[in-house]
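The values are calculated or read from the model by the stated rules, or taken from the named source; none is laboratory data. These figures come from a predicted structure and were not determined experimentally. Methodologically, a virtual Cβ is constructed for each residue, glycine included, from the backbone with ideal geometry; neighbour enumeration extends over all protein chains shown.
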Amino acid sequence: MGAVTVVQAAEKEIYALGEIPPLGFVPKKMLASVIRPERFGPPKDAFQIEEIDVPTPGPRQVLVYVMAAGTNYNNVWAALGFPVNVIAARQRQGATEDFHIGGSDASGVVWAVGSEVKNVKVGDEVVLSCGMWDEDAPDIKAGKDPMMSSTNKVWGYEENWGSFAQFTLVDHYQCFPKPKHLSWEAASAYMLVGATAYRMLMHWEPNVVHENEPVLIWGGAGGLGSMAIQITKAAGGIPIAVVSEENKVEFCLQLGAKGVINRKDPAFTHWGRLPDVDDAEAFNKWMQGARAFGAKYWEVLGERRNPAIVFDHPGEATIPTSIFMVDNGGMVVICAGTSGYNADVDLRYLWMRQKRLQGSHFASTEECAALNQLVIDGKVDPCLGEVYGFDGVGLSHQAMYENRAVGNMAILVNAREKGLTTLPA
Ligand SMILES: NC(=O)c1ccc[n+]([C@@H]2O[C@H](COP(=O)([O-])OP(=O)(O)OC[C@H]3O[C@@H](n4cnc5c(N)ncnc54)[C@H](OP(=O)(O)O)[C@@H]3O)[C@@H](O)[C@H]2O)c1
């Protein structure tokens, strides 16, 4: 273990939420909202507040005093214990903890640093990114993008010690400057979805957002979608958003969408897996729904031009439509399969029209920094939605599970009220 910067002697073993310890003093225990295997199930019941030992940073690690934490879909999966039991998966790799502290987004204050940490110091106010990897891994040493490394993991999901706790443990490169104008809760809400959307839209050359080119964005009022609209707009593209309720339309327009499609329009009957091409009747019916969706897209765009990029994450429900919709030589980029993993691709469209189906996962350090700069510059708003207290970790994930959330939700951890932007003196 590396040296830990402790600037004051121990006073208390555990502090109440918001009862701030002396800067740099690390108590023995902390409050954490914990998932255990016996509670796997609907998120509202899976999380419980417990007292847990505060972890000690290794040489290149940073202990952060969490002011607020962001809610993400990955801890809906962690709560369900599906498709992966993250606790058992870690134990198979040698971890001893029999619990999961989730939370892959946070804002907070650097409280202790390992002996080799140079980029941050105790007292720095930071936001955290969730990409973790072994900097000494041979593939990374050989120059591979760490997001492609076999050691790549998501903090607060695949890795333990996430942000639903008074203290969280991260690697040094996960720390970025907190935008000073944002409250703790707003600052905790955007990095995971923002940086993921940034990579999806800006990494996969030559299929990146270009000036005046349309981008079709599923779930425009959701976490990823709200970021994608703003990033597309900031890069000069034309965002067209899809939503399922009329009350989300204005939200997307305010963010910069040129037009919005309600996917619940009864003319669209074609969601989900493709019928077999030999079943002419079913296939024609599918095509009818897809063409109606395409016509609506042209209508809201105001011209007959297909999207250069389709930004997908629902997966099974949407991929056939995304492949149908994307322009010749365009890209469907996908980072999830929320509605299912068996997505059908009509290969005739893929090869004849030279379309690209590209997987994408979170973001590199550089992409996180670029996204963070867009937020610092006011070009991307975190789209903070509902804010919960620390006892609301389960409820916020339940709202996400039931598709009731708009924008990005946050949880107050050590910040005891909304609107605070810095650590009280
Ligand atoms: N790989 C990565 O790095 C990464 C990063 C972030 C998130 N993810 C994953 O991406 C997914 C979305 O995350 P999020 O934070 O954006 O979630 P979110 O805030 O819940 O938003 C998802 C949006 O998807 C839309 N949607 C839901 N079911 C749909 C369906 N059947 N067809 C079309 N649209 C549908 C909903 O919008 P409407 O109902 O209004 O259409 C909803 O607003 C999750 O599975 C998450 O785990 C992956």
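Residue-by-condition table, conditions (1) in a loop (DSSP other than H, G, I, E, B); (2) at pLDDT 95 or above; (3) on the phi < 0 side of the Ramachandran plot; (4) of a type in the set (Phe, Trp, Tyr):
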position: Gly103; (1), (2), (3), (4): yes, yes, no, no
position: Lys118; (1), (2), (3), (4): yes, yes, yes, no
position: Asp139; (1), (2), (3), (4): no, yes, yes, no
position: Leu182; (1), (2), (3), (4): yes, yes, yes, no
position: Thr196; (1), (2), (3), (4): no, yes, yes, no
Inset, instruction - Could you pull out the residue among Arg291, Arg263, Arg305, Arg273 that is more than 29 Å from the chain's Cα centre (by Cα) and touching a residue at least 12 places away in the same chain (Cβ under 8 Å)? - result: Arg305
Inset, instruction - Identify, by number, the condition in (1) assigned by TED's automatic domain parsing to the domain that holds Lys44; (2) within 18 Å of Ala189 (Cβ to Cβ); (3) of a type outside the set (S, T, N, Q) that Asp391 doesn't meet. - result: (2)
Inset, instruction - Would you mind stating whether Gly70 is within 16 Å of the ligand (Cβ to nearest atom) and in the same structural domain as Pro146 (by TED's automatic domain parsing)? - result: yes
Legend entry - Residue count, segment 62-85 (criterion: of a type outside the set (Ser, Thr, Tyr) and crowded, with 24+ Cβ neighbours inside 10 Å): 12
Inset, instruction - Test Gln230 against the stated conditions and say whether it is under 15 Å from Gly378 (Cα atoms) and either over 22 Å from the mean Cα position of the chain (by Cα) or in contact (Cβ under 8 Å) with a residue 24 or more places away in the chain (or both). - result: yes
Legend entry - Subset tally (residues that are more than 10 Å from the ligand (Cβ to nearest atom) and assigned to a strand (DSSP E or B)) for segment 312-368: 6
Inset, instruction - Of the conditions (1) away from the ligand (no atom under 16 Å from the Cβ); (2) within 25 Å of Glu402 (Cα to Cα), Lys379 clears all except one; give me its number. - result: (2)
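Do we find a residue being under 15 Å from Val413 (Cβ atoms), assigned by TED's automatic domain parsing to the domain that holds Gln174 and among the polar types (S, T, N, Q) anywhere in segment 87-108? Give the steps one after another, and end with the answer.
As a first pass, look at segment 87-108 and keep what is under 15 Å from Val413 (Cβ atoms): 101-108.
Then drop every residue that is not assigned by TED's automatic domain parsing to the domain that holds Gln174, which leaves 101-108.
Adding the requirement that they be among the polar types (S, T, N, Q) leaves 104, 107.
Checked segment 87-108: at least one residue is under 15 Å from Val413 (Cβ atoms), assigned by TED's automatic domain parsing to the domain that holds Gln174 and among the polar types (S, T, N, Q).
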